[in-house]
Amino acid sequence: MEKLAWLVPVLPLVAWAVLLLVGRHLPGGGAAVGILAVAIGWVISLAILFGVIGGADPYHVSTEWAPIGAGFDIPLGMTVDGLAAVLMVVVTTISLFVQIYSISYMRGDERYTFFFAKLSLFTAGMLIVVLADNLLLMLFGWEIMGVCSYFLIGHYWEDVANARAAIKAFLTTRVGDLGFMAGILVFAWAARGFEIERIIEGVETGDISSTTVTLGAALLFCGAIGKSGQFPLHTWLPDAMAGPTPVSALIHAATMVAAGVFLVARMYPVFEASGSVLNEIGILASITMLIAALLALVQDDIKRVLAYSTVSQLAYMMGALSVGGYSAGIFHLFTHAFFKALLFLAAGVIIHAVHSNNMSEMGGLARAMPVTFVTFLVGALALAGIAPLAGFWSKDEILTDAWNAGFAGAGEAATSQTVAQIVFVTGMVTAFLTALYVGRMLWLTFGAAYRGQGHPHEADAAMLFPLVVLAVGAALAGFVSLGDNSIATWIQTEHLPAHGPVTLNVGLIVATTAVGLTGLAIGTALYRRGLPEREYLERVPVVWKTLQRKFFLDDLYEQGIVRAVAGALAPATYWFDQRVIDGVVDGAGLGTRRLARGLRYVQSGQVQWYAAALFLGVVGLAVVVTQVIGS
Amino acid sequence: MPLMYPLVFAAFLFSAGVYGVLARRNAVMVLMSIELMLNAVNVNLIAFNAYLRDQLVSGQVFALFVIAVAAAEVGIGLAIVLLIFRNRETVNIDEVDLLRW
Amino acid sequence: MTGQEVAFLILAVIGGLAGLLVVTSRNVVHAALYLVVALSSIAGVYLLLAAPFVAFVQVIIYVGAIVVLILFGIMLTRAPVGRRVLDNTLRARVGAFVIGAGVFVMLTVFLAGAFGGERIANQAATATEALGESLFRNYVLPFEAVSVLLLAALIGAIVLARRD
């Protein structure tokens, strides 16, 4: 079955092409094509995962795609190991259910077929990243995703704000991508090849110097910062909510943003070899999770709450990876995909029903939309880390790893103890804040009385079915970490052996559960009766203003970077292009015309002109022949 | 006599003819200048014939041919000039530039 | 300086001057008459160079026929008088002078380089009989060709110039 793994990215790619070309004329707008492609991929992915669980060996196949010279070549190959299998299942599952959901959600949209085409292309891109055995191919898939993200966020581009959000997303991730590309070049140069396996071996055997490793790893991480929305490149994620909700669920919750985490996990031996980069990841993750959770507390738009929540949870994953928790990070990715996608899709149902994104216009929906309410509740509690839902297990494992690295002195990670301690502390605080904003979100949306104008009603089966399935996943996914044959075993590689079954630190479990329940309790107490007259934090103007302005980061970027580029660099480049480059082209034309005007006189029609030329030529020739040649 | 004498004389006449062809506007005057050039050529031929003391007297024979051809050429040339004059009321050759761009 | 050379120099000066005046005269008819002088002096030069027959032919055909033809042409085209009408612009004349001078210099230099010190030996005038023999024996083919050429020119001139 592993041999068929290549079909999984290729089928959506084919679906994309088909949908682009003839999708419009197919019945149902061609949605079936996209869904079928992903469904087949889903089945294959599940089969592969079961094979991995059963103890199958990793499968690697590669062929030379294009030789570049100097001993380099661009390979085309795939690695089907446990990590890839887990990600493949995540991506295809979420993609499949999002597409089913979209049948109903996007009904009536004028770009319905194109939407499915974009989703298919995106799925293919992410799967290429997951399966790639070399960094260049991964970059290829990475960029496909970046472009699709742009197209999908800008799906409703008639509204300028949406178009701007799409550009913001694209450009911000592009900044990170520059670092990523530089990192690829550093490693490819050092290891004399693009293959991941080769690079890892080069690092482990010490062929690649430690400075190179640190430099390359830091640069590669830049790409992860951009794509996974870490500080300081996280600003695009909340604005990306301008896209349709299925897009937010697929891309900005479960898959594309997870690509950065996947990158670090895939190249983990490289990162492990560089303690300073791990420290840097840890610090950034701590900052990110904290500010994102704080910002989630003050949002009115339900999708923005979820967006900031995603940023915060991604930081959790990065934090886990920074303290040596390879399997913890991937496990959280796995569970987060389920409950975050669920939350987004459910939010989409709610938004559809009340025709508004703002929680200030919601309320009391528990009675009107019971199924949505229950599934949303499951997802929200999983997010808050309440046992026995999925989020509890993964969050707990992360905090355990951070504790072990920071306080218990397990010391196997290359991270410094201080950083691990910081990660642990911020992790706990963020868990509290997470529970707090989750409680706020739940009560404002479903509790108290309805504050809006419309007539909310439950959604249809096409939208509810994915919700239910994902809710089941969000509830049960946590159990894959238990026992001997756990997810840690699945994703182990020869470079990263599993550490044995998870030992449950009871004290920690109690602490985290307490933190989570406290947060929920406070949230309930504050928002049980619905939206207060003034938000509580508004009472502290400084805090309120800082949070409203998103810690002034957007302003900083706008003034500092965008102004400089758009204001100065862009016009300068434009001038150069118009005057110099076009000038050369125009000049060539003008020059030819002037030359022609001069040469015209050769053909004046006047005999004496011709005669003069004749005699002149004779004299000249005579001189040349005798003087130059004759001598 | 030194060979150079007739040769320089011929060269001078030829150059004068060249000047005339290029500087004159009237077509008939251009024809006259061409005749000058042809005569210069003839002088050259005769001079070399005398210098080389050719058995076949080729230089003089050639000179005769040149004279004959010159006569034919003047006839045709003047016919053309007449035709142009009839059609355009002018014999200024710088006004006859139909083959221009 | 032999008598031959003196005679040649006198004829050359007259002929050269006349030639110069042909191309610079302001009056077309004067130019034609100067042409006569030039052609005649050339005939004299031929005599000095042992080519009496060619000299006679020169006078008969050039002076007698061609110049007359030119005069007829001048008459029929109502040749005007005056520098402005007869000559090209000053710029063109300067250019023409430059080219003419260049040709002269080039010819002189090359010829001097090749035949600088040669002399033409004294010789008897070529007998017309020898000329005739060469013409009708060795060069009979060009002779016939030229006669055909003359026929063609004759017919061509008539066709071109007739009024229909």
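Go through segment B:77-92 and count every residue that is part of a helix (DSSP H, G or I) and surrounded by fewer than 12 Cβ atoms within 10 Å (Cβ to Cβ).
Number of matching residues: 2.
Got a sec? Which of B:VAL81, B:VAL57, B:VAL74 is more than 26 Å from A:SER604 (Cα to Cα), without any contact (Cβ under 8 Å) to a residue 60 or more places away in the chain and touching a helix residue (DSSP H, G or I) at 6+ places or on another chain (Cβ under 6 Å)?
Selected residue: B:VAL57, the only one of B:VAL81, B:VAL57, B:VAL74 that is more than 26 Å from A:SER604 (Cα to Cα), without any contact (Cβ under 8 Å) to a residue 60 or more places away in the chain and touching a helix residue (DSSP H, G or I) at 6+ places or on another chain (Cβ under 6 Å).
Being aliphatic (A, V, I, L, M) and either away from chain B (no Cβ under 14 Å) or under 58 Å from the mean Cα position of the chain (by Cα) (or both) is the filter here, so list the residues in segment A:582-631 that pass it. Even if it seems obvious, please write down each step before you answer.
Here is the first cut: in segment A:582-631, the ones aliphatic (A, V, I, L, M) are A:584-585, A:588, A:590, A:595-596, A:599, A:602, A:607, A:611-614, A:616, A:618-619, A:621-625, A:628-629.
A:VAL584, A:VAL585, A:ALA588, A:LEU590, A:LEU595, A:ALA596, A:LEU621, A:VAL623, A:VAL624, A:VAL625, A:VAL628, A:ILE629, listed by residue number.
Looking only at segment A:570-581, decide whether some residue is of a type in the set (S, T, N, Q), loosely packed, with under 10 Cβ neighbours inside 10 Å and either in a helix (DSSP H, G or I) or over 57 Å from the mean Cα position of the chain (by Cα) (or both).
No, the conditions are met nowhere in segment A:570-581.
With the structure loaded, tell me whether C:LEU71 is under 21 Å from B:ILE76 (Cβ atoms) and either more than 7 Å from chain B (Cβ to nearest Cβ) or in contact with a helix residue (DSSP H, G or I) (Cβ under 6 Å, 6 or more places away or on another chain) (or both) or whether it fails that test.
Taking the combined requirement at face value, the residue satisfies it.
Would you tally the residues in segment A:243-265 being more than 15 Å from the chain's Cα centre (by Cα) and either surrounded by fewer than 24 Cβ atoms within 10 Å (Cβ to Cβ) or at pLDDT below 85 (or both)?
Here is the first cut: in segment A:243-265, the residues more than 15 Å from the chain's Cα centre (by Cα) are A:244-245.
Subsequent filtering for residues that are either surrounded by fewer than 24 Cβ atoms within 10 Å (Cβ to Cβ) or at pLDDT below 85 (or both) retains A:244.
Here the count works out to 1.
Would you be able to tell me the number of residues in segment A:74-127 that are closer than 19 Å to A:PHE50 by Cβ and in contact with a strand residue (DSSP E or B) (Cβ under 7 Å, 6 or more places away or on another chain)?
Qualifying residue count, segment A:74-127: 3.
Residues of segment B:4-38 being in contact with a strand residue (DSSP E or B) (Cβ under 7 Å, 6 or more places away or on another chain), facing chain C (nearest Cβ under 7 Å) and assigned to a helix (DSSP H, G or I), which ones?
B:ALA23, B:SER33
When the residues of segment B:45-66 are narrowed to those that are over 22 Å from the mean Cα position of the chain (by Cα) and more than 7 Å from chain C (Cβ to nearest Cβ), which ends up surrounded by the most Cβ atoms within 10 Å (Cβ to Cβ)?
The residue in question is B:ASP54.
Kindly state which helices (runs of 4 or more DSSP H) lie completely within segment C:55-129 and contain at least 1 residues that are touching a residue at least 12 places away in the same chain (Cβ under 8 Å) and touching a strand residue (DSSP E or B) at 6+ places or on another chain (Cβ under 8 Å). Working first, answer last.
Working: elements: C:67-76, C:83-86, C:90-115.
Result: C:83-86.
Out of B:VAL41, B:VAL81, report the one residue that is at pLDDT 95 or above and either within 25 Å of C:ALA38 (Cβ to Cβ) or more than 14 Å from chain A (Cβ to nearest Cβ) (or both).
On inspection, the qualifying residue turns out to be B:VAL41.
Condition first: buried (at least 16 other Cβ atoms within 10 Å of the Cβ), more than 21 Å from the chain's Cα centre (by Cα) and of a type in the set (Lys, Arg). Can you find one or more residues in segment C:78-97 that meet it?
Yes: segment C:78-97 contains one or more residues that are buried (at least 16 other Cβ atoms within 10 Å of the Cβ), more than 21 Å from the chain's Cα centre (by Cα) and of a type in the set (Lys, Arg).
Just name the residue that is nearest to B:GLN60 (Cα to Cα) out of those in segment C:131-144 that are facing chain B (nearest Cβ under 9 Å) and under 24 Å from the mean Cα position of the chain (by Cα).
Per the criteria, the residue is C:LEU131.
The values are calculated or read from the model by the stated rules, or taken from the named source; none is laboratory data. Keep in mind the model is a prediction, meaning the values are calculated, not measured. Every residue, glycine as well, gets a Cβ built from its backbone with ideal geometry; the counts of neighbours run over all protein chains shown.
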